[in-house]
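Bear in mind these aren't lab numbers, they're just calculated from the coordinates by the rules spelled out. None of these values were measured; they are calculated from a predicted model. Quick reminder, even Gly has a Cβ in these numbers, built from the backbone with ideal geometry, and neighbours come from all protein chains shown.
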Amino acid sequence: MRVYSLHKTYSVTLSPANGGASAGGRPLGGQARARARGSSVVLDGALKAGPEKNLRVLGAVWLSGSGLPRRLYRGELVFTSQKNLLRIINTVPLETYLAGVVTGEAGDLSHPEAYKAQAVTARSYTVKHMNNHSGEGYNMCDSTHCQLYTGLGAPSARALAASGATRGEMLLYRGEPAAAFYHSVCGGRTEDMTFVWPYEYKPYLVSVRDGPPGRPYCSIAPGFAWKTKIYFTGLTRLGRRAGWLVPDEEARGMRISAWGASGRAAEIEIYTQRRRVKVTATDFYHGIGRRAGWQGVRSSYFKILSGKDYVLLDGVGNGHGVGMCQWGAEGMARKGFKYRDILRHYYPGTEVRIHD
Ligand SMILES: [Zn+2]
Ligand SMILES: [Zn+2]
């Protein structure tokens, strides 16, 4: 399994971790720095090497650099240079990669059955998306574009136990690996895939109620309910940057104009002095998150209350709402459900089996 680091940098610091590491075939005795120089890579510090077309590091090594949080990697790391930037590809066994993903994705959960459910979804998702970047020489990137992967800084004991206990098990629909989408908190009801990604449909990615009415399984999640005030001035600025509004247009209000199966907003209308601009709720939610760098709008599951010069978004949930609700899985596990029950609940019609 080859994972590509999307982090852009021209130099990284390598330090050997427990168990040691080698670089370019020689033991790495201490800290060294790998740098991109033109189309080759040089290493200096405790070990000097290069310039070479690529630098191969084996073993356990800490990487750090400008803007790159210190992370522990295992397996094989290959550094190459592309236009003075380092391209870093980590090759790890699938199960090792999964323990790393589960550590990152299930970090706030605690129940072993929730971890097992997460391990099966992550494995299915990984196998299904294994060819996301095959044209570029690797399987997946380490960002949320594919699946968040932070190396193996601290592969949690729970994550390792869960991937071990479910080894090889996948979520299957009619015998084929399912697209096991998941999110943090659904807010009481998961969403049909179609309302989040128009034109996409899977019979097992449909809206399900997350527990008894009024007492959703995920209500134990921190930040289950949220409120965000958006002033018209801020909405105008965002709308112009996102291309929803033209430069002289001013936002003067906002309402929900269409809803998904779960009751989430599917489409938003922004009023200006001349017209109503339609924006899909997915674009709105992503547009606001990316452009304003806010964590303010955590899902598209909200009501809009209007004020004089602002709107108040009164929402629940966190994430797109499709597939497994991670905090709901935790809530179900605490109520005594096993990981297979949890997965059947969020992905109706699927089964958990070893795929051959
Ligand atoms: Zn990707
Ligand atoms: Zn939920």
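Can you list residues whose amide H is under 5 Å from ALA258's amide H, if they're 5+ apart or on another chain and H is modeled 1.01 Å from N?
ALA266, GLU267
Do me a favour and compute the ellipsoid semi-axes for the stretch 165-300 from its Cα gyration tensor, root of five times each eigenvalue, largest one first, whole Å.
Semi-axes (√(5λ), whole Å): 33, 17, 14.
What is the calculated FRET efficiency for GLU250 to ASP108, with r their C-beta to C-beta distance and R₀ = 35 Å, to the nearest 0.05?
Once the sixth-power term is evaluated, E becomes 0.30.
Compute the separation of the alpha-carbon centres of the stretch 71-109 and the stretch 205-284 and state it in Å as a whole number.
34
Relative contact order for the chain: what is it in percent, counting Cα pairs under 8 Å that are at least 6 residues apart?
Value for the chain: 17 percent.
Pull out the extension gain between SER134 and ALA17, defined as 0.36 nm times the separation in residues minus the alpha carbon to alpha carbon distance; nm, one decimal.
Gain on extension, SER134 to ALA17, equals 39.1 nm.
Under the rule of at least 5 residues apart or a separate chain, name every residue whose amide H is placed under 5 Å from the amide H of GLY211.
Those lying under 5 Å, H to H, from GLY211 are TYR217.
Step through the residues of the stretch 124-135 one at a time and calculate ³J(HN,Hα) from phi using the Karplus curve (6.51 cos²θ - 1.76 cosθ + 1.60, θ = phi - 60°), rounding each to whole Hz and writing x for Gly and Pro.
Ordered by residue, 3J(HN,Hα) equals 5, 4, 5, 5, 5, 9, 4, 9, 3, 10, 4, x Hz.
Under a 10 Å cutoff between Cα atoms, tell me which one of ARG74, ARG189, ARG275 has the largest fluctuation in the Gaussian network model of the chain.
Result: ARG275 has the largest fluctuation of those listed.
Relative to the longest principal axis of the C-alpha atoms of the chain, give the angle of the C-alpha long axis of helix 94-105, reported between 0 and 90° and rounded to the nearest 10°.
Its long axis makes an angle of about 50 degrees.
Of the DSSP beta bridges with both residues in the chain, give the percent that are antiparallel, rounding to the nearest 5. Before the final figure, lay out the partial values.
Values: 72 of 77 bridges.
Beta bridges within the chain, antiparallel portion: roughly 95 percent.
Going by how many other Cβ atoms sit within 10 Å of their own, how do HIS111, HIS320 line up, fewest first?
Ascending Cβ contact count within 10 Å gives the list HIS111, HIS320.
Under a crude label model (7 Å from the Cα following the beta-carbon direction), how far is LYS335 from ASP314 in nanometres?
2.6
Quick one: if you stick a label point 7 Å off each Cα along the C-beta vector at LYS48 and LEU6, how many nm between them?
Here the modelled spin labels are 3.8 nm apart.
Using a cut-off of under 12 Å, list every residue of the stretch 1-27 whose amide N is near the label point 7 Å from the Cα of ASN84 along the Cα-to-beta-carbon line.
10-11
At a threshold of 8 angstrom on Cα-Cα distance, excluding pairs fewer than six apart, so keeping six or more, what relative contact order does the stretch 225-316 reach in percent?
Once divided by the residue count of the stretch 225-316, the mean separation gives 33 percent.
The stretch 205-261: which trypsin sites (Lys or Arg not before Pro) are DSSP loop and have at most 15 other beta-carbon atoms within 10 angstrom? List each step's numbers first, then the result.
Numbers: sites: ARG209, LYS227, LYS229, ARG237, ARG240, ARG241, ARG252, ARG255; in loops: ARG252.
Taking the stretch 205-261 and a limit of 15 other Cβ atoms within 10 Å, the loop trypsin sites (Lys or Arg not before Pro) found are ARG252.
How far apart, in nm, are two points set 7 Å out from the Cα along the Cα-to-Cβ line at GLU200 and at THR233?
In this crude spin-label approximation the distance works out to 3.8 nm.
List every residue whose amide H lies under 5 Å from the amide H of GLY253, counting only residues 5 or more places away in sequence or on a different chain, with H placed 1.01 Å from N in the peptide plane.
When sequence neighbours closer than 5 places are left aside, the close amide H contacts are TYR271.
Report the longest stretch of the chain that contains none of the chymotrypsin sites (Phe, Trp or Tyr not before Pro) sitting in a DSSP loop with at most 11 other Cβ atoms within 10 Å.
Segment 1-198 is the longest.
At 0.36 nm per residue, minus the direct Cα-Cα distance, what do ARG167 and LEU148 gain on full extension? Give it in nm, one decimal, please.
4.8 nm
Determine ³J(HN,Hα), in whole Hz, for all residues of the stretch 203-214 in sequence, where each value follows from phi through the Karplus function 6.51 cos²θ - 1.76 cosθ + 1.60 and θ = phi - 60°; x replaces Gly and Pro.
x, 9, 10, 10, 5, 10, 6, 8, x, x, x, x
Using θ = phi - 60° and the Karplus curve 6.51 cos²θ - 1.76 cosθ + 1.60, what whole-Hz ³J(HN,Hα) does each residue of the stretch 65-72 get, with Gly and Pro shown as x?
So the J values, rounded to whole Hz, are x, 5, x, 9, x, 4, 9, 9.
Do any GluC sites (Glu not before Pro) in the stretch 247-329 lie in a loop, going by DSSP, with at most 10 other beta-carbon atoms within 10 Å of their beta carbon, and if so which?
Counting only loop positions with at most 10 other Cβ atoms within 10 Å, none of the GluC sites (Glu not before Pro) in the stretch 247-329 qualifies.
For the chain, what are Rg and Dmax over the alpha carbons, in angstrom?
Answer for the chain, Rg first and Dmax second: 22.8, 69 Å.
Quick one: in the stretch 1-134, what % of C-alpha pairs are over 18 Å apart?
Numbers: 5095 of 8911 pairs.
Percent of Cα pairs beyond 18 Å in the stretch 1-134: 57.
Compute and list, largest first, the equivalent-ellipsoid semi-axes of the stretch 78-152 from the alpha carbon gyration tensor, each √(5λ) rounded to a whole angstrom.
26, 13, 10
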